[in-house]
């Protein structure tokens, strides 16, 4: 979006959501969607369609809660992964150091054997 820099995606998303909500409201006001929905629902009262908006609201709130929980789990898993990767990097450095020390010890032993064989 032009209003925000590229690295500010959440703010741009929020502005988009607000604009879409306002546009939806304006379209609903212009078309009198709610009134036509109530009139249509009156024809099918036996099916209880007038309860549908409340049920859809509950569904959308439930899905938002579900998404929030998954997001929190993802953040937790990412933090654990960072910790594990940091520990892995430390172990790799230790292993590299041990390998270097083993190689140096082998070379020292070879030099010592070569020196003893030479004498």
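A short reminder: the numbers here are calculations on the coordinates, not readings from a lab. Since the structure is predicted, the reported quantities are computational estimates derived from the model, not experimental observations. Cβ coordinates were reconstructed from backbone atoms using ideal geometry, including for glycine residues, and neighbour counts include every protein chain displayed.
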Between residue 15 and residue 63, how high is the FRET efficiency from 1/(1 + (r/R0)^6) when r is the Cβ-Cβ distance and R₀ = 25 Å? Nearest 0.05. 0.70
Springs between alpha-carbon atoms under 10 Å, Gaussian network over the chain: tell me which of 61, 52, 14 tops the mean-square fluctuations. 14
So residue 56 and residue 111, fully extended at 0.36 nm per residue minus their Cα-Cα distance, gain in nm 11.7 nm
Of 87, 64, 55, the most mobile residue in a GNM of the chain (C-alpha springs, cutoff 10 Å) is 87
How do 29, 38 line up, fewest other C-beta atoms within 10 Å first? 29, 38
Between residue 100 and residue 85, 0.36 nm times their residue separation minus their Cα-Cα distance comes to what? 3.2 nm
Add -39500 (n - 2.57) for each DSSP H run of 4 or more in the chain, then divide by its residues: what number comes out at 222 nm, to the nearest 500 deg cm²/dmol? -31000 deg cm²/dmol
From the list [x] 2, 11, 20, 23, 19, 13, 8, 3, 1; [y] 2, 11, 18, 20, 18, 14, 9, 5, 2, 1, 0; [z] 2, 8, 6, 9, 10, 9, 8, 6, 6, 5, 4, 4, 4, 4, 3, 3, 3, 2, 2, 1, 1, 0, 0, can you say which value of P(r) over Cα pairs in 5 Å bins from 0, in percent was derived from the structure given? [z]
Please identify, among 19, 63, 75, the residue showing maximal mean-square fluctuation in a Gaussian network model of the chain using a 10 angstrom Cα cutoff. 19
